[in-house]
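To start, the structure under review is shown below, and the notes come after it.
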């Protein structure tokens, strides 16, 4: 192999290594940006949600408007259960047994001991 050919091969190898390092840096930077964007979006939702809840407590007309929006936009049952008070819905009973009908563990232990 000629020295010129070896120099070209070495330079190609060095540039490929640099390209690999730059790709890794780019991937890491993109992942960091996505994480920062998610964090900012969660903070934004938290702030807006807090303001909306405060407004709903202070203004009955806003509360009604918020209720209509939530009834239309929140469709997952788990999410609706979390905001049942805002939707004027009674929270679902667990296991089909009303909360008042569930035995008190302290009372049950006293009854069994007697």
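Every read-out reported here was derived from the displayed coordinates using simple, explicitly stated rules and does not represent laboratory data. Worth saying up front: this structure is predicted, and the values here are computed from it rather than measured. Positions of Cβ are generated from backbone atoms using ideal geometry, with glycine treated the same way; all protein chains shown enter the neighbour counts.
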Checked the stretch 31-77 for anything part of a loop (DSSP other than H, G, I, E, B) and either touching a helix residue (DSSP H, G or I) at 6+ places or on another chain (Cβ under 8 Å) or in contact (Cβ under 8 Å) with a residue 40 or more places away in the chain (or both); matches are 74
Only one of 57, 4, 25 is over 30 Å from residue 88 (Cβ atoms) and either under 29 Å from the mean Cα position of the chain (by Cα) or surrounded by 10 or more Cβ atoms within 10 Å (Cβ to Cβ) (or both), namely 25
